[in-house]
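The values are calculated or read from the model by the stated rules, or taken from the named source; none is laboratory data. Keep in mind that this is a model prediction, so the values were computed, not measured. Quick reminder, even Gly has a Cβ in these numbers, built from the backbone with ideal geometry, and neighbours come from all protein chains shown. Protein only, heavy atoms only, side chains kept; ligands, DNA and RNA dropped before computing areas. Shrake-Rupley method; radii C 1.70, N 1.55, O 1.52, S 1.80 Å.
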Amino acid sequence: MKTLLTILLVLILAAEAIVWLQMRKLILGWEKEVEKEDMPLTDEEVHYVETRSKLMGILGAAALVIFILRFVIFDLFPLFGG
């Protein structure tokens, strides 16, 4: 069970890193556009950012829960129990 939780944690953190890199790439692209002229975001860009932001929040919360399960429940509590 601990191995499964560890693998799941690594996969979730990898997915979060990919989403973060996608957001970073988009933001760096905006930086170049701003130098040309200040343009408002399109509806597609706003939707993209909102979706990725929500996804990062969900992935972060899931990673925290799995981390607590894996390391606190399965590793730390047994040390105190004896």
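Normalised by the number of residues in the chain, the mean separation of alpha-carbon contacts (under 8 Å, six or more apart) gives a relative contact order of 58 percent. Annotation for Ala17 and Phe80: the two label points, set 7 Å from Cα along the Cα-Cβ direction, are 3.2 nm apart.
Multiply the residue gap between Glu44 and Ala62 by 0.36 nm, knock off their C-alpha separation, and tell me the result in nm, one decimal place.
3.8 nm
Working note: Karplus 6.51/-1.76/1.60 with θ = phi - 60° gives the stretch 62-70 the couplings 5, 5, 5, 5, 5, 4, 4, 4, 5 Hz, where Gly and Pro are set to x.
In deg cm²/dmol, rounded to 500, what helix-only [θ] at 222 nm does the chain give when every DSSP H run of at least 4 residues adds -39500 (n - 2.57) and the total is split over its residues? Per the formula, -27500 deg cm²/dmol.
In the context of the full set of protein chains, residues of the chain present 79 Å² of accessible surface per residue (probe radius 1.4 Å, heavy atoms only).
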